[in-house]
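Structure record follows, encoded as structure tokens.
The values are calculated or read from the model by the stated rules, or taken from the named source; none is laboratory data. Given the structure is predicted, the values throughout are model-derived calculations rather than measurements. Cβ atoms come from the backbone with ideal geometry, glycine included; neighbour counts cover every protein chain shown. Heads up: the accessible areas ignore ligands, DNA and RNA and are worked out on the full protein's heavy atoms, side chains in. Shrake-Rupley method; radii C 1.70, N 1.55, O 1.52, S 1.80 Å.
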Protein chains: 2
Amino acid sequence: MKPAEHWLDDVKWQADGLVPAIAQDAATGKVLTLAWMNREALALTAQTQEAHYWSRSRRALWRKGEQSGHVQRVREIRLDCDSDAVLVVVDQEGGIACHTGRATCFHQKLADGRWTIVEPVRKDPTVIYGR
Amino acid sequence: MKPAEHWLDDVKWQADGLVPAIAQDAATGKVLTLAWMNREALALTAQTQEAHYWSRSRRALWRKGEQSGHVQRVREIRLDCDSDAVLVVVDQEGGIACHTGRATCFHQKLADGRWTIVEPVRKDPTVIYGR
């Protein structure tokens, strides 16, 4: 019999069963992604030590990097003071977290009243995804 | 007449009018908080260069540090690839972002199947808030 995982019960899941999860690169300190986890995604993230998320658009569990190969290997899992947000510190395979081929998803910077892309494409997405 | 702020329209606000906003310490690289912004909070954050949020529990606009003095001075405002999450890189006044008196709100670390507090209290909250 599998023991109850009390640490999963400590998380204050939203009404929709999700919690926001930030991924941070252990090597560079960059904030890579803001994604969502359900209970299964967080359990799998801890169990496999690879980041898993819940895709709200596809309504499906998603192992980060399953298509791109850009998996996130877990160094630390943290929970905030209100227990309603997760931080995952990761080793980012390939140094690319974004589907656009950039290191981080946060590549638009506000400058002079407009969003400007400030992170270079490290690898062409058509190469990453083979399209 | 005030010009339209198109950059605010570029943000994909949730149905509830909010967007998750991560604050990161410019000096230490620490992820400090995950909070929420509505349109007014993000506009004020850009305009005043001090982080403003929307408190979901109090249902009120909130200038970070208005009570504690631990304001967050904005270095950069970033938007992610899907335009549905914000990252604010800040100078954290006092080096304390959390209401518990810790540097970061993400002070619970998963270890051996339980959450363990791994960040020291830098200042007693009763001193911070004068209670």
_Which count do you get for residues in region B:13-22 that are within 14 Å of B:H52 (Cα to Cα) and either at the interface with chain A (Cβ under 10 Å from one of its Cβ atoms) or open to solvent by 60 Å² or more (accessible area, probe 1.4 Å) (or both)?_
4
_Restricting to region B:54-77, name every residue that is within 13 Å of chain A (Cβ to nearest Cβ), crowded, with 17+ Cβ neighbours inside 10 Å and within 20 Å of B:A103 (Cα to Cα)._
B:V74
*Filter result (part of a strand (DSSP E or B) and without any contact (Cβ under 8 Å) to a residue 60 or more places away in the chain) within region A:6-50*: A:A35, A:W36, A:M37, A:E50
_Among the residues of region A:33-90, what is the count of those that are over 10 Å from the mean Cα position of the chain (by Cα), basic (K, R) and more than 21 Å from B:L34 (Cα to Cα)?_
3
*Residue tally, condition among the charged types (D, E, K, R) and over 17 Å from B:H70 (Cα atoms), over region B:111-131*: 3
*Scope region B:33-53; condition of a type in the set (V, I, T) and open to solvent by less than 20 Å² (accessible area, probe 1.4 Å); matching residues*: B:T33, B:T45
*Out of curiosity, is A:A103 within 13 Å of the chain's Cα centre (by Cα) and either among the acidic types (D, E) or buried (at least 22 other Cβ atoms within 10 Å of the Cβ) (or both)?*
no
_Filter region B:100-131 down to the residues that are out of contact with any strand residue (DSSP E or B) (no Cβ under 8 Å at 6 or more places or on another chain), without any contact (Cβ under 8 Å) to a residue 24 or more places away in the chain and within 14 Å of chain A (Cβ to nearest Cβ) and list them by number._
B:A111, B:D112, B:G113, B:R114
